[in-house]
Amino acid sequence: MPDNGDAKRGDLIRRIKELLREWLPGEILICLLAAIWYDNIFSVFFLQILLIPYGMFAADRKRKQRKKQVEKGFYDFLQSLILSLQAGYSLENACLAGYRELCGTYGEKDAFVDQLRQVAQGIEVHIPVEELFHEMALATGNEDIHQFAVILEILKTMGGNSVEVMKNSLVRIRKKMETAEEIRTLLSGKIYEKNLMLLMPFFMVMYLRISNPSYLDSLYHTFAGQAVMTVSLAGIIICFFWGERIMRIAE
């Protein structure tokens, strides 16, 4: 059995790998900016401030990815739950069966499976299922899970056809997911255009550096030129985040 020292070292290595995975792309981007936009490797030091918006962007992407994982996982969980209930399982056993199935499908590191593990652990110590899903809804911020928890509470209090109610919930969630996917498909072309427009200044600078390097000397080697480059870079970053904000309708 591994001792505490091995466990701590393993945890430290995992954290270092996670930090590298999150921040190394940002550092590479900063080095490229220093080389292309300023032609000065020492500008890497003051460009470290860009790690702040980069961290915001990375955190937002991570949140969106987690949100999609939760939505997809909950949809698949409801499908498994309905099948188990139709086969005669109790609600608690159906939830445990759904957890085991999703563990095999998505793996234990999936965002929704991680939340569902807490539900399974709660069921084993006889905590009411509706309370566990209320806690999951608070943890994930998912409105569908919150409504599911309310439905479970009503069904336990007043009774009713749980399978039919869950089928209706499944249809509603599927329609919502399909609508969101249609919106993302319609916006994909605009997102491509936005990214291309934001990259054009960098392509132009690279082209000028290759075709006529001396043409950019006034921008690279004078204070006024560096100020112009800094202001233009700030404008590109602001436009990027503005575009991201506009595209949030696709979430």
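Against the definition (more than 20 Å from D76 (Cα to Cα), out of contact with any strand residue (DSSP E or B) (no Cβ under 7 Å at 6 or more places or on another chain), aromatic (F, W, Y) and open to solvent by 70 Å² or more (accessible area, probe 1.4 Å)), how does Y215 come out, yes or no? So that I can check it myself, show each step before the final result.
Working: more than 20 Å from D76 (Cα to Cα): yes; out of contact with any strand residue (DSSP E or B) (no Cβ under 7 Å at 6 or more places or on another chain): yes; aromatic (F, W, Y): yes; open to solvent by 70 Å² or more (accessible area, probe 1.4 Å): yes.
The answer is yes for Y215.
When only residues in segment 174-202 that are open to solvent by 90 Å² or more (accessible area, probe 1.4 Å) and under 30 Å from M229 (Cβ atoms) count, which is farthest from the chain's Cα centre (by Cα)?
Here the residue is M197.
I'd like the full set of residues that are modelled with pLDDT of 85 or more and aliphatic (A, V, I, L, M), limited to segment 25-45.
I28, L29, I30, L32, L33, A34, A35, I36, V44
Just for segment 79-109: of the residues that are touching a Lys or Arg at 6+ places or on another chain (Cβ under 9 Å) and touching a residue at least 40 places away in the same chain (Cβ under 8 Å), which one is nearest to E135 (Cα to Cα)?
L91
Among the numbered conditions (1) part of a helix (DSSP H, G or I); (2) at pLDDT below 85; (3) not acidic (D, E), tell me where G160 comes up short.
(1)
Within the set of pairs 6+ apart or on separate chains, which have a first residue in segment 17-37 that is under 17 Å from I237 (Cβ atoms) and in contact (Cβ under 8 Å) with a residue 60 or more places away in the chain, a second that is small (G, A, S) and surrounded by 11 or more Cβ atoms within 10 Å (Cβ to Cβ), and C-beta atoms under 9 Å apart?
That search, which allows pairs on different chains as well, returns L33/S43; W37/S43; W37/S232.
Looking at V165, V171, can you tell me which residue is surrounded by 13 or more Cβ atoms within 10 Å (Cβ to Cβ) and assigned to a helix (DSSP H, G or I)?
Working: V171 fails: surrounded by 13 or more Cβ atoms within 10 Å (Cβ to Cβ).
One residue alone meets the criteria, V165.
I183 - would you say it is of a type in the set (A, V, I, L, M, F, W, C) and without any contact (Cβ under 8 Å) to a residue 24 or more places away in the chain?
For I183, the condition - of a type in the set (A, V, I, L, M, F, W, C) and without any contact (Cβ under 8 Å) to a residue 24 or more places away in the chain - is not met.
The values are calculated or read from the model by the stated rules, or taken from the named source; none is laboratory data. Just so it is clear, the model here is predicted, and its values are computed rather than measured. Cβ sites come from the backbone with ideal geometry, for glycine too, and all protein chains shown count toward neighbours. Just so you know, the surface numbers come from the protein's heavy atoms only, side chains and all, with ligands and any DNA or RNA stripped out. Shrake-Rupley method; radii C 1.70, N 1.55, O 1.52, S 1.80 Å.
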